[in-house]
Structures are given as structure tokens and as C-alpha cells.
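Novice: Encoded as C-alpha cells, here's the structure I'll be asking about.
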Amino acid sequence: MLKQSLCIFLWVFATLIFRASAEMAIQDPIVDYLAMNVPDRVTNVGRLLVIKKVEIDMEGNGKNDVFVGTWYRNSGPNTWLWAGYAPIAGGYERITPADSDVLIDFDAIYVGYLPDIGRRGMAQAYSLELDNRDRDQSNMISDLSFYYVENGKLMQQGTGALDRDDPEQESKFQYYFGPNRKISATPKIESFTVPELVQRGYRIPIWKSTKPPGVQ
């Protein structure tokens, strides 16, 4: 009788925990992204024109992480910043900060095992000489960055500059970005214009600053 009562108690407890987790979970990453208060968006995005949703299994667990972001037009022609979300019971949890977005260029990004840090994640190379889309033409990579999830947070680790004239460093570049690289997954990217978001029932935020130029 005691054993049966204990089993019932544990089942009820587990059910309550599951329900509480589901209620706390983010149901739609796009809704959460649009509702976030990120000061840099007002400064660098201006009027919202489009957002992108990226789904990618960066942890190699068969479950897609989701990134939602938009163009930071005042930061450069191809500068996109993101909020990231990992799947949990009943929805998603945000893995990036609540008050800032994360700079990631998903164009030709590497997804898979990262031997430099001994775990799975994403690798991105940045070049100050050229647009990131043309980085393979540069002999100097300004920074090689790794992204991975640890304790429910998206972590970023940079290795510094990469001199492609050095054979060892060029070999590293080719591993992550060369024509024969082996990636475990390819990002699925969707774009949504503001009219499309409105049609889907999303509430569109006003990020454009209403202050006159020079006013703090």
C-alpha cells in the first residue's frame, strides 16, 4: 500500500513539474523575439522590414535549435543579429541574452564537430578585408568563432586571427570552410516580410527611434 501511494505521489509530482515547465516554455520563438526589449535594435535596425527564422541541429541530438533575427542595417549591408532558442518539453527556451542579440552569419556556416574545443556546434569565420560571403578569397581571417550550447546558454569562443598563408592555419580553415568539408546539418532558413507576419497574426513592434537626431 505504501509503495503504491509513493508511486502515485511521484507520478503526480512529475506531472506537475511537466505542466509547470510547459507553461514556462516559449511556444513561438518569433513571438518572443518580436516582444524582446533590445536597445540596439532601435539604434541599428530602424523600421522592421523582414525577419528570418533559421532551424539547425547544432547540438547533434536530432532536435532543431531555432534562431530568429533581422538585418541591422546601420551596422553594415549584410549584418544580421539573432536570438536563439533550444527545444525543451512543451516548447523552447531562449539561449541568448534577454537584452541583446548575437552576431552570426549563417551563410556557409560550418555545423558539426569542432575539434578545436572537442564538442559539437557551429563555426564562423570573419574577415575585415572582405564581405563574409567572399571570405574564401582573403588570406587573413580576422577571427574564427565557435558557437555551442552549454547549460542552456549559447556560448561563443573566438580563436583570434587566422593567417591562411600559414599551412597549418590554412588546413584548419579548409576543415571548416573548404570545398571538401563535412557538415552534419544544413540550416533551414525562412524569410518573412512584415505583411506576411501581420497576416499570420504577429504583433509588429516599433523599433524606429522617434527622437530627433543628436537627442539622447
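Bear in mind that the values in this text are calculations on the coordinates, not laboratory data. Note that the coordinates shown come from a computational prediction; the quantities given were computed from them, not determined experimentally. Here Cβ is always computed from backbone atoms with ideal geometry, including for glycine, and neighbour counts include all displayed protein chains.
Novice: Expressed in nm to one decimal, what extension gain is obtained for the pair ASN61 and ASP165 from 0.36 nm per residue of sequence separation less their Cα-Cα distance?
Specialist: 33.8 nm
Novice: Assuming R0 = 22 Å, what is the FRET efficiency of GLN27 and SER100, from their Cβ-Cβ distance, to the nearest 0.05?
Specialist: For GLN27 and SER100, the calculated efficiency is 0.45.
Novice: What is the projected area of the convex hull of the Cα atoms of region 26-199, averaged over all directions, in nm²?
Specialist: 10.5
Novice: If you don't mind, there's one more thing I want to ask. What order do you get for 166-172, 46-52 when each peptide is scored by the mean count of other beta carbon atoms within 10 Å, highest first?
Specialist: Ranking the peptides 166-172, 46-52 by packing returns 46-52, 166-172.
Novice: Work out the charge dipole of region 26-199 with +1 on the Cβ of Lys and Arg and -1 on the Cβ of Asp and Glu about the Cα centre, then indicate which of GLY62, TYR176, ILE117 is farthest towards its positive end.
Specialist: Positive-end residue among those listed: GLY62.
Novice: Continuing with this model, one more query. For a Förster distance of 30 Å, can you work out the FRET efficiency between the beta-carbons of ASP40 and ASN180, rounded to the nearest 0.05?
Specialist: Efficiency for this residue pair is about 0.20.
Novice: At 0.36 nm per residue, and after removing the present C-alpha to C-alpha distance, how many nm does the segment from ALA89 to ASP107 gain when stretched out fully?
Specialist: Result for the pair: 3.5 nm of gain on full extension.
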